[in-house]
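Report on one structure; see the data block that follows.
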């Protein structure tokens, strides 16, 4: 399994972190090349140490609800600079004032009065034994052939911090080119001058929505990726979440800055289901694709079905830059996810490709937002959903074309496949077009597996199950072919398992 | 009567939505024989094909013995594996299904329980067959029937037939939508399989044109769900000269709406 990593024994001591929290907030890297390399090498050593032994934080509060006190505790236990504390407190105040959104799926099962239970590390319990891991997850591990050691980790059974939460494969030459790739907490500590102008400012401000505000108050973990001007990274950078570290994975923050003429592919996630007793995940992803850069962000999630997965992901795409979102949401109970591309510079382009699987007890409220602000900007959205076993898949999308974005085009295609009579699928597209000189295309289909296709395939000697599997694999092929091979293989295997019962 | 291998149709009746289309048909096709089944629109030719192949939309009565085994109780995929192949008149597109993978999947299913063919071996095999049918190798990279022209679909049906190595084939209007050159290539392909593999062929056609390339041993005329005439190639020649009206009388072309499928 490429998904997870060999466990390493946890060192008992913590590395001392350099206290680089000076507040010189220039968005440009201030150093010369040599200093930069030195800094990165030093930083990487620190980084490798910290992923083996991540900074822990803890706080003792009895309050059930989230309070300013709790937010201060989180910040001080991480030793954060003042500006980050201020940001957390501001986010907290916004969180208090914003209502829970009611335009989307039912969130009434989410008890935000108990938010501390979601936030504080002590409040989250890993499953202590295999008996506590739900059967459907165990069966999936069995079918995917995941080794026991990895099942322990994925199932949350492994008790100690004995594996890497993230694995960043960084090649030596990337380090030499000045690429920064590290945990978000480390990014704040090590590169405050680089992080501060971008962190929840103009891309995803805390006030964007209730859950981004919550995230801003309590975020922890995630990745910081900086690609300097002109650096093109050929190999995708991958991180694998393993939910064993309580600090990570619930409110992780990912910040990607791709400078002019750079290119990078970032992949996160895992197709094997992650069992987690915590029931809320609220991540924020912020991507800055500068002039003529190219960024591909790929994520696959398979949280256990008790999880509310409420994320905010957005990219600001400058002139001539290309932003690609590739995503699969397989797990979680209720998902709200609408990656957004803001095409801010002339000639910017965004492609969104997503798959959502909605099975028993799952509501997938997912889609894409594309906002065209500049002339000659182009976007495309391909969304594929499969619902079965009573699952609901809804495409919710926004296309906004501002006055002046002449010569621009958008094409949205969303297809829903419903595998049985219990399940549902629909589309909620919204279009706000202020410019006349644009091309706007929208196609939506919702349907069942075509009997004609199935009969045709069977007439060639393959079984009904095999025919169904082929049709479904073909249905999601436009998205799956863009995924790394191991993800593609596993998604197809997961679907095979799901349809076996049909 | 059934000891020698053959595809033997006995008193076959086919209905769809309660309406009987084929009303008791008897026919025997021996290995290596080409039979042409002709008839005006709506006479039940295509219905006969799809029902024999096992399309679940049709209800059947009677018997179809494939080398002595009644295949009517079998599911459509089982009939295929038993050695019967239906070339669709209008095969549906299945977007996203890669042609090369698809061909290997059906090849392995047809040749089970033999061990799966290796990818390089299969590639050799499929490319050789494609060359014979003058098909470009880029076909393998496409999606199943997706965006195929009418002629490409027909070629692809014959390619599948060549790979699956059935004992008997039903060709539903193989000639429709084909230009003369393509028709000749496909007819030659089918003739070659007939000679090399002793394939038994039932070719359904409205027009006699294909029969200039795919020379039938027998020609049958279906009218209102029954065989009304059987003979040699001269029957097709007469239809070409006189039309169905000449053969069947003035009511021959008045069956519009009788529900010719596909």
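The values are calculated or read from the model by the stated rules, or taken from the named source; none is laboratory data. In this text, all values refer to a predicted model and were calculated from it rather than measured experimentally. Every residue, glycine among them, receives a Cβ derived from its backbone with ideal geometry; neighbour counts consider all protein chains shown.
Can you tell me which residues in the stretch B:106-127 are more than 9 Å from chain A (Cβ to nearest Cβ), in a loop (DSSP other than H, G, I, E, B) and farther than 25 Å from residue B:153 by Cβ? The answer is B:113, B:114, B:115, B:116, B:118. Residues of the stretch B:157-171 include at least one that is touching a strand residue (DSSP E or B) at 6+ places or on another chain (Cβ under 9 Å) and under 17 Å from residue B:39 (Cα atoms).
Which one of these is at pLDDT below 95, buried (at least 16 other Cβ atoms within 10 Å of the Cβ), outside any loop (DSSP other than H, G, I, E, B) and touching a helix residue (DSSP H, G or I) at 6+ places or on another chain (Cβ under 9 Å): B:186, B:202?
B:186
Taking the conditions (1) away from chain B (no Cβ under 14 Å); (2) touching a helix residue (DSSP H, G or I) at 6+ places or on another chain (Cβ under 8 Å); (3) surrounded by fewer than 20 Cβ atoms within 10 Å (Cβ to Cβ) in turn, residue A:436 satisfies each one other than (2). Of the residues making up the stretch B:83-103, those that are farther than 16 Å from residue B:157 by Cβ and within 11 Å of another protein chain (Cβ to nearest Cβ) number 5.
Restricting the search to strands (runs of 3 or more DSSP E) fully inside the stretch A:249-351 and requiring at least 2 residues that are over 12 Å from the mean Cα position of the chain (by Cα) gives A:253-258, A:263-269, A:284-289, A:294-301, A:312-317, A:322-329, A:340-343. The single condition among (1) without any contact (Cβ under 8 Å) to a residue 12 or more places away in the chain; (2) in contact with a helix residue (DSSP H, G or I) (Cβ under 7 Å, 6 or more places away or on another chain); (3) within 14 Å of chain A (Cβ to nearest Cβ) that residue B:163 does not satisfy is (1). One residue alone among B:16, B:29 is in contact (Cβ under 8 Å) with a residue 24 or more places away in the chain and under 23 Å from residue B:187 (Cβ atoms), and that residue is B:29. If you go through the stretch B:48-77 and pick out every residue that is more than 13 Å from chain A (Cβ to nearest Cβ) and either touching a residue at least 60 places away in the same chain (Cβ under 8 Å) or in a helix (DSSP H, G or I) (or both), you end up with 5. Here the stretch B:128-145 is the region considered, the condition is being within 14 Å of chain A (Cβ to nearest Cβ) and buried (at least 16 other Cβ atoms within 10 Å of the Cβ), and the residue that is farthest from residue A:467 (Cα to Cα) is B:142. Based on what the data block shows, is residue A:426 over 26 Å from the mean Cα position of the chain (by Cα) and more than 14 Å from every other protein chain (Cβ to nearest Cβ)? No, not satisfied.
For the stretch A:370-391, what are the residues that are in a strand (DSSP E or B), in contact (Cβ under 8 Å) with a residue 40 or more places away in the chain and surrounded by fewer than 23 Cβ atoms within 10 Å (Cβ to Cβ)? Before the answer, list the steps.
Taking the stretch A:370-391 and keeping what is in a strand (DSSP E or B), we get A:370-372, A:378-387.
Within this subset, residues satisfying the condition of being in contact (Cβ under 8 Å) with a residue 40 or more places away in the chain are A:370, A:372, A:382, A:384-386.
Within the stretch A:370-391, A:382 is the sole residue that qualifies.
Residue check: is residue B:80 under 24 Å from residue A:477 (Cβ atoms) and either at pLDDT 95 or above or not in a helix (DSSP H, G or I) (or both)? In short, no. Per the listing B:86, B:103, the residue uniquely in a strand (DSSP E or B) and buried (at least 22 other Cβ atoms within 10 Å of the Cβ) is B:86.
For the stretch A:392-405, filtered to residues that are in a loop (DSSP other than H, G, I, E, B) and on the phi < 0 side of the Ramachandran plot, the residue that is surrounded by the fewest Cβ atoms within 10 Å (Cβ to Cβ) is A:403.
For the residues B:142, B:209, B:194, B:153, the requirement of being under 25 Å from residue B:124 (Cα atoms) and in contact with a helix residue (DSSP H, G or I) (Cβ under 8 Å, 6 or more places away or on another chain) singles out B:142. Among the numbered conditions (1) touching a strand residue (DSSP E or B) at 6+ places or on another chain (Cβ under 9 Å); (2) more than 14 Å from chain B (Cβ to nearest Cβ), the only one that residue A:403 does not meet is (1). For the stretch A:439-469, residues that are touching a strand residue (DSSP E or B) at 6+ places or on another chain (Cβ under 8 Å), within 14 Å of chain B (Cβ to nearest Cβ) and within 28 Å of residue A:389 (Cβ to Cβ) total 7.
Looking at the stretch A:442-502, the helices (runs of 4 or more DSSP H) lying wholly inside it that each contain 3 or more residues that are over 21 Å from residue A:424 (Cα atoms) and at pLDDT below 90 sit at A:464-480, A:485-500.
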